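Okay, so here's the structure we're looking at.
What follows draws every value from the coordinates through simple rules; no lab data is involved. None of these values were measured; they are calculated from a predicted model. In this analysis, Cβ positions are derived from the backbone assuming ideal geometry, glycine residues included, and neighbour counts consider all displayed protein chains.
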Amino acid sequence: MSAVLYEVQDAIATLTLNRPEALNALNLAMIDALREASARAAFDPAVRAVVVRGAGEHFMAGGDLKWFREQLALPPAERQAAFEQVIAAVHASVLSLKGMRKPVVAAVHGAVAGFGLSLMLAADLVLAADNAYFTLAYSNIALSPDGGATFSLPRQVGLKQAMEIALLGDRFDAARARELGLVNRVVAPDELAAETQKLARRLANGPAEALARTKALLNASFDNPLEAQLVAEQRSFAACGAHPDFAEGLAGFFEKRKPVYGRS
């Protein structure tokens, strides 16, 4: 059984972290499977939205500490080289999720720790069950964060809050995550799957080109000066206006019906 399950239904690709017996802790098999699944979703023409979720009672409890302990048998220089190689593979998944032209929804519950939190931060929208709990955790075992957490956290919660989350490694609940702006919605655990599908279906049925360009514009906004961002908006707006989805959107509005995108 793959460490990450890949399923496409109704134009939604669902990537399920599939080591429930280990709280979906990230091991080498899951690193490879997640890299392959995220790249597959990015380039799959049948996919218009992506969901990342965890099997069992947790989203992801971070890295596999048993594997970490095994690396202590290596001399420090070899251990450092091994970690460099592994983290590069981990980061390929983050780049796929952040860079793909499709909206990514994370559905989290239970433990969202270490790379689990980094992975969640790579999603465009997050739904959390009210039993979810969060911790960056790296400092608790004398490691610094990976998975883009040090990029995403300051942008999402501000530098001081990011410092607190990263340096102290404390655990916080779903209500606090919502307050910090790390998650979009908090729902009951038994509603998480249905609410996630509802949101993903809405995105999958939306204007794919406009959503892709909007995602790209927002992701670039922290690094662009205003003038550059205005130019990017101008070009994107014009490109969307030349796309068949624009004509369908207007037709739906004037005909008082829901637009049906993706037919051209």
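Using a simple spin-label model with points 7 Å from Cα along the Cα→Cβ vector, what separation in nm is obtained for ARG79 and GLU21?
In this crude spin-label approximation the distance works out to 2.8 nm.
Gain in length, ASP223 to SER139, computed as 0.36 nm per residue apart minus the alpha-carbon separation, to one decimal in nm?
Here the answer is 27.5 nm.
Quick one: plug the Kirkwood hydrodynamic radius of the chain (C-alpha pairs) into Stokes-Einstein at 10 °C, 1.306 mPa s, and report D in µm²/s.
Taking Rh from Cα pairs, D becomes 82 µm²/s.
Going through the cross-link list LYS98/LYS160; LYS215/LYS258; LYS98/LYS198; LYS98/LYS256; LYS66/LYS215; LYS160/LYS198, which pairs have a Cα-Cα distance over 30 Å in this structure?
Long pairs (Cα-Cα over 30 Å): LYS98/LYS256; LYS66/LYS215; LYS160/LYS198.
Relative to the longest principal axis of the C-alpha atoms of the chain, give the angle of the C-alpha long axis of helix 226-241, reported between 0 and 90° and rounded to the nearest 10°.
Tilt of helix 226-241: around 50 degrees.
Which percentage, to the nearest 5, of the DSSP beta bridges contained in the stretch 4-204 is antiparallel?
Here the antiparallel bridges make up roughly 30 percent for the stretch 4-204.
Give the range of the longest stretch in the chain that excludes all GluC sites (Glu not before Pro) found in loop regions by DSSP and having at most 15 other beta-carbon atoms within 10 Å.
58-254
For the stretch 4-204, with the dipole built from +1 on Lys and Arg beta-carbon atoms and -1 on Asp and Glu ones, taken about the Cα centre, which of TYR133, SER93, GLY114 lies farthest toward the positive end?
SER93
Can you compute the FRET efficiency between ALA232 and VAL8 using 1/(1 + (r/R0)^6), with r the Cβ-Cβ distance and R0 = 45 Å? Round to the nearest 0.05.
Efficiency for this residue pair is about 0.90.
If you place +1 on the Cβ of every Lys and Arg and -1 on the Cβ of every Asp and Glu, how big does the dipole about the Cα centre of the stretch 4-204 come out, in debye to the nearest 20?
540
If you take every DSSP beta bridge whose two residues both sit in the stretch 6-119, what share of them, in percent to the nearest 5, is antiparallel?
25
Between MET1 and GLU195, how high is the FRET efficiency from 1/(1 + (r/R0)^6) when r is the Cβ-Cβ distance and R₀ = 25 Å? Nearest 0.05.
With R0 = 25 Å, the Cβ-Cβ based efficiency is 0.40.
Would you calculate a helix-derived [θ] at 222 nm for the chain, using -39,500 (n - 2.57) for each DSSP H run of n ≥ 4 and dividing by the full residue count, to the nearest 500?
Mean residue ellipticity, 222 nm, calculated: -15500 deg cm²/dmol.
Quick one, can you get me the convex hull of the C-alpha atoms of the stretch 130-175 expressed as volume per residue in Å³?
77
Where does helix 192-204 land angle-wise versus the long Cα axis of the chain, in degrees 0 to 90, nearest 10?
Its long axis makes an angle of about 40 degrees.
Just to be sure I understand the model, the point goes 7 Å from the Cα along the line to the Cβ. What's the resulting LEU65 to THR150 distance in nm?
2.3
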